1. Ignoring solvent entirely, what values of log10 I(q)/I(0) come out of the Debye formula for segment 62-106 at 0.19, 0.22 Å⁻¹ when each Cα is a single scatterer?
2. At a 10 Å Cβ-Cβ cut-off, how would you order 164, 62, fewest neighbours first?
3. Efficiency by 1/(1 + (r/R0)^6): what FRET value for residue 60 and residue 39, r their Cβ-Cβ distance, R0 = 25 Å, to the nearest 0.05?
4. Assuming 0.36 nm per residue, please report the length gained on full extension of the stretch residue 122 to residue 152 beyond their Cα-Cα distance.
5. With r defined as the distance between the Cβ atoms of residue 176 and residue 139 and R0 fixed at 35 Å, what FRET efficiency is calculated, to the nearest 0.05?
């Protein structure tokens, strides 16, 4: 699959899925003839990066729950994703575990009484840090896209913040906006 064939939309990742549904990444990759899987490399409580603290409207370094994942397309690393949750929502739940969440995190959040109704994404082109460059198998000087996605509930409170890093050459992002 070449980069020109891959158009990524955020929409499939935002709505809760049924417990028996394939995860959104696996389904998206399969629809394009590939195999997508993810590996949770860490889950637990951490001090939030500044962007995450700001999104959660908390103090710098506030404690949050993070799920760090490595996304693979046909067994090639293609994305690093850190997903952050407020401690009061995620502590003691499957969001704080490396175990697979049946039906995905959006379904579990909804079961916990937290449904996303609005999403804001910031896309930044940058050079990766050394760890991301090595993990994603990038050549020196090869750029990445960093996407910071904040998902808000009906009270306009952030319930999830995703920080994604992916090789720029493999991405074409699609945003569809309905006006009116």
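1. Evaluating at q = 0.19, 0.22 Å⁻¹ gives log10 I(q)/I(0) of -0.64, -0.80.
2. Numbers: 164 21, 62 15.
Ordered by Cβ neighbours within 10 Å, fewest first: 62, 164.
3. Working: r = 30 Å, r/R0 = 1.19.
Rounded to the nearest 0.05, the efficiency is 0.25.
4. Numbers: separation 30, 0.36 × 30 = 10.80 nm, distance 1.43 nm.
Separation in residues times 0.36 nm, less the Cα-Cα distance, equals 9.4 nm.
5. Values: r = 32 Å, r/R0 = 0.93.
Efficiency for this residue pair is about 0.60.
Taken together, the values in this text are just the output of simple stated rules run on the coordinates, not laboratory data. All figures in this text were calculated on a predicted structure; none of them were measured in a lab. Here the Cβ is made from the backbone with ideal geometry for all residues, glycine too, and neighbour counts use every protein chain on show.
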